[in-house]
Amino acid sequence: MLIESAKKTLKDIFGYSDFRPLQGKVIDAVLQGEDCLVLMPTGGGKSICFQIPALTLDGVAIVVSPLIALMKDQVEALKVNGVEAEFINSTLNEEEQAAIIKKAVKGDIKMLYVSPEKMNSESFYYTLLQLNISLIAIDEAHCISSWGHDFRPDYKRLGYLKKQFKDIPIMALTATADPLTQKDILVQLNITGANVFKDSFSRPNIYLEARPAYKRKEVILDFIQQRGRESGIVYCLSKKNTEDLSRYLKANGISSGFYHAGMNSDVRDRIQNDFINDRIKVVCATIAFGMGIDKSNVRWVIHHNLPKNLEGYYQEIGRSGRDGMAAHALLFYGQQDYSILESFNEESERKVILNARLERMLLFAQSNHCRRRLLLNYFGEWTVDNCGQCDNCRGRQNLINGTVMAQKALSAVARLSGKLPKSILPQVLAGLRSPDVLAGGFHKIKTFGAGKELSLVDWENVINQLIGLGYLKVDYEQGTILALTPLSNKVLFEREEVMLHHLHQKIQREPKIEIKKPKPAVSIPREEGLFERLRQLRRKMAVEMGVPPYILFSDATLSEMVTYRPRNEWEMKEISGVGNKKWEQYGQAFVDEINAFLQQKRVKKAPAYEKTLKLYQQGLSPEIIASRTGVNVITVYSHLATLYEKGAGIDIAQYVLPYEKKKIKDILTQHPHMQLQQIYELTNKQIPHHVIRLAMTLIKKETGSLN
């Protein structure tokens with residue numbers, strides 16, 4: 001069977017034992033010749049969905065990609081894994097392009113990455129007719145829709161592909177598309193009958209935080225200084241912001257560069273290459289930066305200014321933690337940013353919708369509700385569960401029972417389904433006979449004035465909370481018309497309670513944050529632990545090969561090596577991300593480094609976790625302990641688990657959410673000897689490695705099986 005062949009390819013080439021649940025379904029559909037729309041979060045494994053079929057089927061797969069740097073990055077990664085892949089774009093001259101096309105026609109290439117501009121050219125159309133095409137993958141498919149946040153006209157012209165190549169499966173892939181954009185992608189590509197595969201948009205490894213725009217420079221400097229060698233991106237609204245902030249960070253000892261459209265392209269390329277090759281730690285950039293890189297070990301993203309919509313925000317924070325390990329997204333917001341972005345929309349024909357999406361972004365930033373819940377509901381993934389991994393979930397909650405208010409609002413929308421604009425509903429509930437209410441006849445419905453006990457401002461607050469929590473949705477296709485959601489019926493007919501934040505709770509404009517004085521970055525002592533040694537080896541070998549370090553092995557793969565300490569070829573090939581080609585090229589060097597470390601460790605005195613214990617007892621967080629000691633934060637969590645096992649009085653339960661513990665306990669009940677990585681795969685990679693390690697330790701202690 002083709003799917004069995006695909007699984008063997010996954011292991012041999014990429015070094016992974018099995019597909020994630022949705023990947024397997026997508027790949028099976030493509031192997032059967034079916035069209036697909038694939039919605040997966042950044043870092044969720046979208047590329048595997050077309051790369052595996054490309055390697056399994058006869059012929060060459062055409063991959064449409066919007067950015068030159070992204071093509072280069074993905075082709076480099078494929079070549080390191082021993083895959084014949086090439087790209088064609090404006091960086092190649094005619095002779096170079098002709099040579100690649102000749103290879104493709106001969107069948108010597110399995111994957112050919114092409115820009116949308118090239119794909120739409122008449123000359124390349126005739127090239128396509130000469131090729132034995134296995135499939136056509138259109139990455140970043142949201143660019144095809146004028147409803148999307150990154151519309152590109154050249155993408156819209158790709159609709160001809162299905163008409164001209166009817167028997168070739170087309171796969172559209174995106175990480176950021178609301179329901180309206182999803183529908184438009186199918187229409188524009190002429191694949192309305194396609195299978196739609198939608199993974200969860202949840203990225204549980206990314207901690208979400210938002211703060212008012214107060215002393216941003218000082219807070220950002222402190223944030224970066226606490227994170228040692230970790231690399232990250234600061235997104236800024238203006239070119240001047242990027243330059244000013246980068247210079248400020250440099251003056252305080254942070255290796256930083258800036259990136260924006262006003263720079264010479266050669267300089268931009270140099271900054272990007274320095275970042276992906278770990279020569280600089282921080283890039284201060286306008287929003288274009290990052291779309292073209294696959295750097296998996298970006299540990300944090302900061303928004304210096306309010307983004308213009310939640311789609312853009314979600315895509316940008318998704319550039320952190322692509323390897324599944326812990327990451328942090330910090331957002332600053334303020335009324336000035338909002339006003340500037342609103343002025344940008346002034347001349348647009350879509351002004352009403354753009355402003356509605358901008359308002360939704362501001363409400364997200366200001367909200368006191370679970371941020372992951374707000375994001376998921378925005379993308380149509382209706383949920384009432386809080387994540388426990390954002391500033392609001394970790395902070396103090398000031399909730400009131402808003403069920404009756406919610407029922408009144410939802411009832412009004414139900415009575416006027418498809419007719420009630422967002423701005424009118426508060427007026428209807430408050431019993432306000434405004435010209436708009438009278439003109440629409442809204443004063444005649446039964447729920448008019450049903451909420452006179454609240455002011456107009458209070459009702460606006462309630463409506464905004466109900467939208468954020470997923471009990472109402474805005475139909476942007478019809479302007480700002482309100483509609484019910486799958487969660488609405490539970491409130492109207494099943495007596496589900498709705499908890500809202502206090503209506504008079506004020507947004508703190510200038511929080512009392514203790515800001516450290518700007519100072520040079522603390523010098524982090526070189527880590528003698530295994531993770532750091534493997535990281536240094538990876539960097540050395542990457543420099544020799546002329547590729548970014550993360551293309552050799554991701555941080556997640558290095559972390560797994562630290563956990564399992566493979567000492568021979570068989571054990572190393574069991575590590576996720578180590579395929580046959582990578583083992584042949586440099587696997588032995590990593591085995592030798594691990595063996596050398598273990599040999600040296602036998603003569604060392606105090607265990608490394610003793611230093612962790614001392615810092616923990618000082619009240620420091622795992623992230624700050626990692627920064628102080630120069631180790632990876634995953635190693636710190638491992639130390640805490642070891643200390644707990646040894647009875648050191650460590651509270652590791654605070655780092656594990658109840659549902660995470662329950663899920664892992666259920667798995668261990670059925671498979672008591674299952675290893676950490678296998679559990680990680682069974683949770684669809686939704687629970688980070690360190691949380692699984694801690695949960696396993698807690699469960700073993702409770703069941704009396706802890707040695």
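All of the numbers you see were taken from the coordinates with simple rules; none came from a lab. Note that the coordinates shown come from a computational prediction; the quantities given were computed from them, not determined experimentally. Cβ placement follows ideal geometry from the backbone for every residue including glycine, while neighbour counts extend to all protein chains displayed.
Give, rounded to the nearest 20 debye, the magnitude of the charge dipole that the chain has about its Cα centre when Lys and Arg contribute +1 at Cβ and Asp and Glu contribute -1 at Cβ.
1920 debye
Fewest Cβ neighbours within 10 Å first, please rank THR669, THR480 accordingly.
Details: THR669 10, THR480 17.
Fewest-to-most Cβ neighbours within 10 Å comes out as THR669, THR480.
Quick one: what do you get for the range 330-370 if you divide its Cα Rg by 2.2 N^0.38 Å?
In units of the 2.2 N^0.38 Å rule of thumb, it is 1.23.
When ranked by the protection proxy of mean other Cβ atoms within 10 Å per residue, highest first, what sequence do the peptides 650-661, 14-25 form?
Working: 650-661: 16.3, 14-25: 18.3.
Ranking, from highest mean packing down: 14-25, 650-661.
Along the charge dipole of the chain, which of GLY82, GLY232, GLN182 sits closest to the positive end, that is, farthest toward it, with unit charges on the beta carbon of Lys, Arg, Asp and Glu (+1, +1, -1, -1)?
GLY232
Out of HIS443, VAL691, LEU131, whose Cα points farthest toward the positive end of the dipole of the chain (charges: +1 Lys, Arg; -1 Asp, Glu; placed on Cβ)?
VAL691
Run lengths n ≥ 4 of DSSP H only: what is the helix-derived mean residue ellipticity at 222 nm for the chain, with -39500 (n - 2.57) per run over all residues, to the nearest 500? Present the calculation step by step, with values, prior to reporting the outcome.
On the way: 34 runs with 327 residues, N = 707.
Rounded to the nearest 500, the figure is -13500 deg cm²/dmol.
Fewest to most neighbouring Cβ within 10 Å: what's the order for PHE201, PHE50, PHE493? All intermediate terms of the calculation are to be shown ahead of the outcome.
On the way: PHE201 23, PHE50 27, PHE493 9.
Lowest to highest Cβ neighbour count: PHE493, PHE201, PHE50.
As a quick test, which of the pairs LYS663/LYS685; LYS661/LYS700; LYS11/LYS79; LYS7/LYS162 have an alpha carbon distance above 18 angstrom in this structure? Walk me through the numbers before you get to the answer.
Working: LYS663/LYS685 12 Å; LYS661/LYS700 12 Å; LYS11/LYS79 16 Å; LYS7/LYS162 28 Å.
Result: LYS7/LYS162 exceed 18 Å.
Give me the dipole magnitude in Debye, nearest 20, for the range 526-604 about the Cα centre, with unit charges on the beta carbon: positive for Lys and Arg, negative for Asp and Glu. Mind dumping the intermediate values first?
Details: 14 positive and 12 negative charges, 43 e Å.
Charge dipole of the range 526-604: 200 debye, to the nearest 20.
Just need log10 I(q)/I(0) for the range 327-412 at q = 0.16 Å⁻¹, Debye formula, equal scatterers on the alpha-carbon atoms, no solvent, rounded to two decimals.
Results for the range 327-412 at q = 0.16 Å⁻¹ read -0.85.
Normalise the Debye intensity by I(0) for the chain, one equal point scatterer per Cα, no solvent, then take log10 at q = 0.06 Å⁻¹ and round to two decimals.
Values returned for q = 0.06 Å⁻¹ are -0.37.
State the Kirkwood hydrodynamic radius of the range 206-366 in Å, one decimal place, computed from all pairs of distinct Cα atoms.
Numbers: mean 1/r = 0.0625 Å⁻¹.
For the range 206-366, inverting the mean 1/r across all distinct Cα pairs yields 16.0 Å.
Over the Cα atoms of the range 170-286, Rg to Rh with Kirkwood Rh, two decimal places?
Details: Rg = 18.9 Å, Rh = 17.2 Å.
Dividing the radius of gyration by the Kirkwood radius yields 1.10.
Above 27 Å lies some portion of the pair distances; for the range 573-707, what is it as a whole percent of all C-alpha pairs? Walk me through the numbers on the way to the answer.
Values: 2872 of 9045 pairs.
Pairs farther apart than 27 Å: 32 percent.
Return, for the Cα atoms of the range 532-621, the radius of gyration and Dmax in Å, separated by a comma.
15.2, 46
List the extent of the Cα atoms of the range 606-654 along each of their three principal axes, largest first, rounded to whole Å.
25, 25, 19
Using the Cα centre of the range 395-501 as the reference point, and only Cβ charges (+1 on K/R, -1 on D/E), how large is the resulting charge dipole? Debye, rounded to the nearest 20. Show your work: numbers first, answer last.
Details: 12 positive and 9 negative charges, 53 e Å.
Value, rounded to 20: 260 debye.
Name the residue from THR56, ILE424, HIS304 whose Cα lies farthest towards the positive end of the charge dipole of the chain, charges +1 on Cβ of Lys and Arg and -1 on Cβ of Asp and Glu.
Result: HIS304, furthest along the dipole toward the positive end.
Quote the Stokes-Einstein diffusion coefficient, in whole µm² s⁻¹, for the range 395-501, based on the Kirkwood radius over alpha carbon pairs, a temperature of 10 °C and a viscosity of 1.306 mPa s.
Working: Rh = 13.8 Å.
Diffusion coefficient, whole number: 115 µm²/s.
Suppose we keep just the DSSP beta bridges with both residues in the chain; what percent of those would be antiparallel, to 5? Present the calculation step by step, with values, prior to reporting the outcome.
On the way: 8 of 57 bridges.
Just about 15 percent of them are antiparallel.
Please rank HIS689, HIS502, fewest neighbouring Cβ atoms within 10 Å first, as an exposure proxy.
Details: HIS689 23, HIS502 12.
So the ranking, lowest neighbour count to highest, is HIS502, HIS689.
Assuming a viscosity of 1.002 mPa s and a temperature of 20 °C, what translational diffusion coefficient in µm² per second does Stokes-Einstein assign to the range 2-198, Rh being the Kirkwood radius over Cα pairs? Numbers along the way, then the final one.
Working: Rh = 16.7 Å.
D = 128 µm²/s.
Run the numbers on the range 526-604 and let me know its relative contact order in percent, using alpha-carbon pairs under 8 Å that are six or more apart. Can you show the working numbers first?
Details: 58 pairs, mean separation 22.6, N = 79.
Value for the range 526-604: 29 percent.
For the range 186-228, take N as its residue count and report Rg(C-alpha) divided by 2.2 N^0.38 Å. Intermediate values should be presented prior to the final figure.
Details: Rg = 20.1 Å, N = 43, 2.2 N^0.38 = 9.2 Å.
Cα-based Rg divided by the globular estimate yields 2.19.
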